[in-house]
Amino acid sequence: MNQPYGNLYQPNMPPPTRNSNTLAILILGGVAILGGAAILGVILSFRSGMDTSSDAIVAGNRFIDNMGSHNYPAAASLLSPWTQARISTTELKDMETLLEKRYGPLTNHGHPSWFVQTYNGQTSVRLSYMVQFTKGNSPLGLVLMKGNKGYQVEDIHYEL
């Protein structure tokens, strides 16, 4: 009887050779190496984000501390040139006065959550704080840009 697709089972086929086993081992080894490299890349990129964010967090904390202690010239020195052109030390004082009128003096800002982004070679870090005052809390968002002087405050956003 003639089968249209031939005989699928051929009992006289030789057993798999060592070459096919070696090929399978090489493929599995390659997959394992690539997987390990991918995991290492994720870990290294996370660590570089941590390194980047720690510098920005130091600058952000310094800005908040200067504002809370009413050292407005020091706080203004942490602003980027673009932000310094838009916000004067008097306006920083007015902002802090408004916050203290509503919430009382600053007591603590804690550790922020952060998001690092690099676009066209420019790195920015977005910091989100829950700032504590004597009469309540207020969310604070800072965007810091990396420049020649390290990280500088580019944007300030309090929610009243």
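The values are calculated or read from the model by the stated rules, or taken from the named source; none is laboratory data. Keep in mind the model is a prediction, meaning the values are calculated, not measured. All Cβ positions, even for glycine, are placed from backbone atoms using ideal geometry, and neighbour counts span all protein chains on display.
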Of the conditions (1) under 16 Å from the mean Cα position of the chain (by Cα); (2) buried (at least 19 other Cβ atoms within 10 Å of the Cβ); (3) not in a strand (DSSP E or B), Phe63 clears all except one; give me its number.
(1)
At pLDDT 95 or above, surrounded by 13 or more Cβ atoms within 10 Å (Cβ to Cβ), more than 19 Å from the chain's Cα centre (by Cα) and among the polar types (S, T, N, Q): does that describe Thr134?
no
